[in-house]
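The values are calculated or read from the model by the stated rules, or taken from the named source; none is laboratory data. These numbers were taken from a predicted model, which means no experiment stands behind them. Don't worry about glycine lacking a Cβ; one is built from the backbone with ideal geometry, like all the others, and counts go over all protein chains shown. Heads up: the accessible areas ignore ligands, DNA and RNA and are worked out on the full protein's heavy atoms, side chains in. Shrake-Rupley method; radii C 1.70, N 1.55, O 1.52, S 1.80 Å.
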Amino acid sequence: MSHHRTTGVSRRTVTKAATAVGLTALLGARTATAHAVTRLGPRTLDVSVASPALGRTAPVRLILPSGFDTQTGRTYPVLYLLHGAHDDYTSWTRETDIEAFTEGRNLIVAMPDAGPTGIPTAWRGGPDYETFQLTEVPALLARAYRASGVRAVAGVSTGGYGAMAHAARHPRMFAAAASYSGILDTMAPGVPPLVDAIVARENLTPRSLWGSPFLNLLTWRDFNPRSRAEGLRGTPLYVSSGSGVVGGSGDWLPEALESALWLSAHAFTDTLALLRVPVTTHYYSGGGHNWAYWKGEFRASWPMLASALGVPE
């Protein structure tokens, strides 16, 4: 059942009941180590992670709770925020007030790298951003930053894809998931060429992602949130998307990008409805594929995320 509200890409730069044993089993044997830490402010720091899954050092930006240094016996839930295509892990602090917004809310915010395309998946014969974000970073946070087993995930654009793909492919790892203008059916009409274009824009070979959508259909399906929607049963969900050019204001490029994902989002939430998996949706007229809309959508989804994390709204 869906709950509907009606309303009118930037520069690069376990649930609450999880036990320590369960967390260890989930995270597996491979571990990443903090290579270097750069403090950017009283609560914000960049951690450089030596990642076996990526074969390189990769960054994750953290916002720590206000009392982290004094309440040394306390553990904290983690909100993972994923960036979009042709951007990077700094986008949420650059484009939003997430630092001020989370002040006093007793949670860790983690913003991991997803590479230049922002598609946090296991690439075909290449880097494994899924393992980096879901195994290596959580293990580091549990070990070095007193992260609990309670997590929620949200993302914009390709990060919105990541939020739903992660939650669907790893049931019960996240207490809630939210997507803002995400690519939620990677096999919808017109979407595979769009995904190819995102990859090609970074001077990468499109087939280096999941292979051919025809010859490697099973791989594409395996990483498609819509195809894995059953895995989202029991997870609170929020999905928002705009119609873009239809009903838009004339800002052509971001509205065209938003339009390209409209049917994909609807196909995804229609599948959830058929499966009787609850989701809160916000489909709105017009809208562009940019932060002007995503900031408001994050705020709208916050009560759901906060409830799942067990922190104040």
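Is it the case, given these coordinates, that residue 33 is modelled with pLDDT of 95 or more, touching a helix residue (DSSP H, G or I) at 6+ places or on another chain (Cβ under 8 Å) and of a type in the set (Ser, Thr, Tyr)? No, not satisfied. Filtering the stretch 273-290 to residues that are buried (at least 17 other Cβ atoms within 10 Å of the Cβ) and modelled with pLDDT of 95 or more leaves 277, 279, 280, 281, 282, 283. Could you say whether any residue in the stretch 206-225 is touching a helix residue (DSSP H, G or I) at 6+ places or on another chain (Cβ under 7 Å), outside any loop (DSSP other than H, G, I, E, B) and closer than 19 Å to residue 156 by Cα? The answer is no, given that none of the residues of the stretch 206-225 is touching a helix residue (DSSP H, G or I) at 6+ places or on another chain (Cβ under 7 Å), outside any loop (DSSP other than H, G, I, E, B) and closer than 19 Å to residue 156 by Cα. Taking the stretch 36-127 as the region of interest, the strands (runs of 3 or more DSSP E) fully inside it that hold 1 or more residues being open to solvent by less than 20 Å² (accessible area, probe 1.4 Å), more than 24 Å from residue 173 (Cα to Cα) and of a type outside the set (D, E, K, R) are 44-51. Quick check on residue 134: is it buried (at least 23 other Cβ atoms within 10 Å of the Cβ), over 13 Å from the mean Cα position of the chain (by Cα) and assigned to a helix (DSSP H, G or I)? Taking the combined requirement at face value, the residue does not satisfy it. In this structure, does residue 258 turn out to be closer than 30 Å to residue 127 by Cβ, modelled with pLDDT under 95, crowded, with 22+ Cβ neighbours inside 10 Å and touching a His at 6+ places or on another chain (Cβ under 9 Å)? So residue 258 fits the description; yes.
Tell me yes or no: at least one residue of the stretch 168-181 is modelled with pLDDT of 95 or more, hydroxyl-bearing (Ser, Thr, Tyr) and closer than 21 Å to residue 76 by Cα. Checking the stretch 168-181: not a single residue is modelled with pLDDT of 95 or more, hydroxyl-bearing (Ser, Thr, Tyr) and closer than 21 Å to residue 76 by Cα. Within the stretch 226-244, the residues that satisfy the criterion of being buried (at least 24 other Cβ atoms within 10 Å of the Cβ) and either modelled with pLDDT under 95 or in a strand (DSSP E or B) (or both) are 237, 238, 239, 240, 241, 242, 244. Restricting 308, 300 to residues that are in contact with a strand residue (DSSP E or B) (Cβ under 7 Å, 6 or more places away or on another chain), at pLDDT 95 or above, surrounded by fewer than 19 Cβ atoms within 10 Å (Cβ to Cβ) and within 20 Å of residue 176 (Cα to Cα) narrows the list to 300. Of all the residues in the stretch 137-161, those that are over 30 Å from residue 289 (Cα atoms), assigned to a helix (DSSP H, G or I) and either open to solvent by 10 Å² or more (accessible area, probe 1.4 Å) or among the hydroxyl-bearing types (Ser, Thr, Tyr) (or both) number 4. Contact map, the stretch 290-313: residues that are under 10 Å from residue 152 (Cβ atoms) paired with residues that are open to solvent by 80 Å² or more (accessible area, probe 1.4 Å), Cβ distance under 6 Å, separation 6+ or inter-chain. Pairs shown: 306/313.
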